[in-house]
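Have a look at the structure below, then the notes.
We did not get these values from a lab; they are worked out from the coordinates using the rules stated. The shown structure was predicted, so the numbers you read here are calculated from the model rather than taken from an experiment. Cβ atoms come from the backbone with ideal geometry, glycine included; neighbour counts cover every protein chain shown.
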Amino acid sequence: MENPWETHASKEIYSNPWITLTEHDVRNPGGGKGIYGKVHFKNLALGIIPLDDEMNTWLVGQYRYTLDEYSWEIPMGGGPIGIDKLVSAKRELKEETGLEAAKWTEILKIHTSNSVTDEVGYAYLAEDLKEGDTAFEETEELEIRKLPFKTVVSMCEKGEITDSLSVASIYKLARMLKM
C-alpha cells in the first residue's frame, strides 16, 4: 500500500546513545497539516524465554525508572542494529540470568508501540540450558526468579507482567506449546 502521509520537513529534537527524537511537519491522510513525533531506537529490543526440561523459565525483576514501578519481565535487552540479533540475545541471557543455551528458536517479531516509535523487538526461545554466573550492567539491579512456565502465563493473565515484549512472547510461546 502507498504511504498516504506527506513529510514536508524533519528536525532532530534530541539524541542520546539509545534514541533519537525527530519532529516531522506532515500532511496527514485526511489532508490536514500537523506535526508527528517519532522516537527512533538505535538498538533492537530482544527478549528471551529460557525453558528447561521441566518447563521452568526465568523472570527478571527490576525497578523501571520510566514507569516509576517494579516490573517482572522475561530476560531482555538491546542489540545494536546491524549486529546479528541472536549474538546479542545470547549475551543478554548470559548477563541477566547466567544461563547459556544450546538451542535457540526465534518465536516473535513485534513493533513495540508503532504509533510513536519504529522500535522492533524479537523474542527467542532458549533451550538446552546451562547455568553460570550473571554479569549485570551498571544500570541493573535485578532479581531473578525461576518459575514454572504455566505460572508465568498466569502472571500475564493477572496483569502481574505488563511489559509488551514479555506479554506477547509469553502468550506466543504458550500458544506454540498448546497451553
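If both residues of a DSSP beta bridge must be in the chain, then about 85% of such bridges are antiparallel.
Neighbour counts of other Cβ atoms within 10 Å put MET76, MET179, MET1 in the fewest-to-most order MET1, MET179, MET76. Using a Gaussian network model of the chain in which every pair of alpha carbons under 10 angstrom is joined by a spring, one finds that among GLU54, GLU127, GLU96 the greatest mean-square fluctuation is at GLU54. Taking amide H positions as modeled 1.01 Å from N, with prolines and chain starts lacking one, the residues under 5 Å from ILE161 and 5 or more places away or on another chain are CYS156. For LYS150, the aspartates and glutamates whose Cα comes closer than 16 Å to its Cα, not counting residues fewer than 8 places off in the same chain, are ASP52, ASP53, GLU54, GLU73, GLU160.
Taking amide hydrogens as placed 1.01 Å from N in the peptide plane, the amide H of VAL26 sits under 5 Å from those of HIS8, GLY34, ILE35, TYR36, each at least 5 positions away in sequence or on another chain.
By how many degrees, 0 to 90 and rounded to 10, does the Cα axis of helix 164-176 deviate from the longest principal axis of the chain? The two axes meet at around 60 degrees. The length gained by stretching the chain between LYS172 and LYS146 to full extension, at 0.36 nm per residue less their Cα-Cα distance, is 7.4 nm. Partner lysines whose Cα lies under 21 Å from the Cα of LYS130, excluding those fewer than 8 positions away in the same chain, are identified as LYS85, LYS90, LYS94, LYS103, LYS146.
A full extension of the chain between ASP84 and ILE13 corresponds to an added length of 22.6 nm, given 0.36 nm per residue minus the alpha carbon distance. Ranking HIS111, GLY34, MET1 by Cα position along the charge dipole of the chain, where only Lys, Arg, Asp and Glu carry charges on their C-beta atoms, puts MET1 farthest toward the positive end. In the elastic network of the chain, a GNM with C-alpha springs shorter than 10 Å, the most mobile of ASN114, ASN56, ASN28 is ASN28. Peptide packing: for 13-22, 144-153, the average count of neighbouring Cβ atoms within 10 Å per residue gives the ranking 144-153, 13-22, highest mean first.
Across the chain, how large is the tail of the calculated P(r) beyond 22 Å, expressed as a percent of all Cα pairs? Of the Cα pairs, 50 percent sit more than 22 Å apart. Sparse packing (at most 14 other Cβ atoms within 10 Å of the Cβ) combined with a DSSP loop state is found for the following chymotrypsin sites (Phe, Trp or Tyr not before Pro) in the range 58-98: TYR65. Seen against the Cα atoms of the chain and their longest principal axis, helix 85-97 is set at about 50 degrees.
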